[in-house]
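Structure record follows, encoded as structure tokens.
The values are calculated or read from the model by the stated rules, or taken from the named source; none is laboratory data. These figures come from a predicted structure and were not determined experimentally. Reconstructed Cβ throughout: ideal geometry from the backbone, glycine too, with neighbour counts over all protein chains shown.
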Amino acid sequence: MQALGIIGGSGLTRLAALDVDRQEVVTTPYGDPSAPLTFGHVDGSPIVFLPRHGSAHTVPPHRVNYRANLWALKEAGVGQVIGVAAVGGITAALAPGVLCVPDQIIDYTWGRDHTLFEKDLSSVTHIDFTDPYCEALRHDILVAADGIGVPVKDGGTYAATQGPRLETRAEIERLERDGCDMVGMTGMPEAALARELGLCYACLALSVNWAAGKTDGPITMAEIEHFLDSGMAQARKVLAAVACR
Ligand code: HPA
């Protein structure tokens, strides 16, 4: 059985339900991934886990080696990858605490190593990215969550911003005009690199705050941490249910 790859985001540096078999320090032609790969299983189903921001949560979104992370998971024999991500909610359905499986993405990042197709090419390569997420995996996440009674919103547009700072009020207004429902800092180039590698990739997003300007006053880390703690506990249950589908 092919292992499910899970890239953990903020609040998810470990998977509690995971029976760990081994950890492996790997390197890739693109450098080192964020952390050693953790190989394990949930109820007999194989998982390869990688914390996006490193084991001690020290790698900021714009410094993540996305190419190495995806390459390492592919090399480990993974066919499907779920990228777990904390986001800010822009539209009404994305209140803090809501889990969501987005179906579209707009890339506002810049200066990141965003492709594997740039050197030693036999020909210029363009991937299709009309639907950036793997529909089969999106469906499996939604069905698995439904099966255990965890509400997860189906669809929405993820705005990938550069970070590490949060956005201005005007930036969020612009993202909303663009049709974005949520904003996070790690969705790209992760999704595109997965597609370049032929991996089936979907995102499980957790809203941990209202985006800038959507409430009175500044966004506080206390608010974010509160929703990270409670929401990631739900996300872990969903991930375990997907692994055992
Ligand atoms: N903006 C960008 N990234 C985020 C946010 C936000 O408000 N919350 C969590 N990740």
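Values computed for the structure shown
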item	result
Checklist (1) buried (at least 19 other Cβ atoms within 10 Å of the Cβ); (2) at pLDDT below 95 applied to Ala68, failing item	(2)
Qualifying position, being under 14 Å from the mean Cα position of the chain (by Cα) and in a strand (DSSP E or B), among Val81, Val48	Val81
Total residues in segment 101-128, condition on the phi > 0 side of the Ramachandran plot and either in contact with a helix residue (DSSP H, G or I) (Cβ under 9 Å, 6 or more places away or on another chain) or crowded, with 18+ Cβ neighbours inside 10 Å (or both)	1
Helices (runs of 4 or more DSSP H) wholly inside segment 167-245 containing at least 2 residues that are farther than 27 Å from Ala16 by Cα	169-177, 187-196
Residue among Gly163, Gly149 that is within 16 Å of the ligand (Cβ to nearest atom), part of a loop (DSSP other than H, G, I, E, B) and either touching a residue at least 12 places away in the same chain (Cβ under 8 Å) or not β-branched (Val, Ile, Thr) (or both)	Gly163
Qualifying residue in segment 92-103 (condition: in contact with a strand residue (DSSP E or B) (Cβ under 9 Å, 6 or more places away or on another chain), closer than 30 Å to Asn209 by Cβ and more than 16 Å from the ligand (Cβ to nearest atom))	yes
Residues satisfying the stated conditions in segment 57-72, i.e. hydrophobic (A, V, I, L, M, F, W, C), under 14 Å from the mean Cα position of the chain (by Cα) and assigned to a helix (DSSP H, G or I)	Leu70
Pick from segment 166-191, criterion among the β-branched types (Val, Ile, Thr) and surrounded by 14 or more Cβ atoms within 10 Å (Cβ to Cβ), ranking: nearest to the ligand (Cβ to nearest atom)	Val183
Test: residue in segment 220-229 that is within 9 Å of the ligand (Cβ to nearest atom), of a type in the set (A, V, I, L, M), touching a residue at least 24 places away in the same chain (Cβ under 8 Å) and under 19 Å from Ile106 (Cβ atoms)	no
